[in-house]
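**Student:** After the structure tokens below, expect a handful of questions from me.
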Amino acid sequence: MRHRVAGRKLSRHSQHREWMFRNMLVSLLAHERIRTTLPKAKELRGWADKLISLAKKGDLAARRMAFDLLRDREAVKKLFEEVVPHFKDRMGGYTRVLKVGTRLGDAAPVSLVELTAFTPAVKEGKKSAVKKAKEALQRVAPKKKERGEKTPATAASS
């Protein structure tokens, strides 16, 4: 039984898991949106929300604790100067997890983790957040061409 056991192990030992989430936090702060598997995304959501809540205090001790966790000066600077002002009136829910499909190699469920204040779908209100995320993902990593399709260069030579 797993009574009162929090968190996911993700088939990693504790130190590896901790450093993985630290790296993912730095990437999330740098890019405001990252793509990862669904279990990692759900676990990262808690780490990010706790970090942003800590940063909302805004004092030197909070800055030092954030640096102790992130180990990246640029990420801490962006967290305190750019990210936290967007969330000053919000009491929680700083991140959003959107399911975007499955990974080609192993069919793992893939999702997008993003900071809610930086999402264009919330500002525009026209398209759903999932559609916006999928379109953004297509711009970042377009799908490979399906087998059997002819590219314009090969169609001209046939």
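**Student:** Assuming a ≥ b ≥ c are the square roots of the Cα gyration tensor eigenvalues, decide whether segment 14-141 counts as rounded (a/c under 1.5), prolate (otherwise, with a/b larger than b/c) or oblate.
**Tutor:** On the way: a/c = 2.24, a/b = 1.33, b/c = 1.69.
Oblate, because a/c is 1.5 or more while a/b does not exceed b/c.
**Student:** Let me ask you something else. With unit charges on the beta carbons (Lys and Arg positive, Asp and Glu negative) and the dipole taken about the Cα centre of segment 14-141, which residue among G92, L28, A133 sits farthest to the positive side?
**Tutor:** Checked the options; the winner is A133.
**Student:** Nothing charged except the Cβ atoms of Lys and Arg (+1) and of Asp and Glu (-1): what's the magnitude of the dipole of segment 1-120 about its Cα centre? Round to the nearest 20 debye.
**Tutor:** Details: 26 positive and 13 negative charges, 92 e Å.
Its charge dipole is roughly 440 debye.
Each value in this text was obtained by applying a stated rule to the coordinates, not by laboratory testing. Remember, predicted model here, so these are calculated numbers, not experimental data. Positions of Cβ are backbone-derived with ideal geometry, glycine not excepted, and every protein chain shown enters the neighbour counts.
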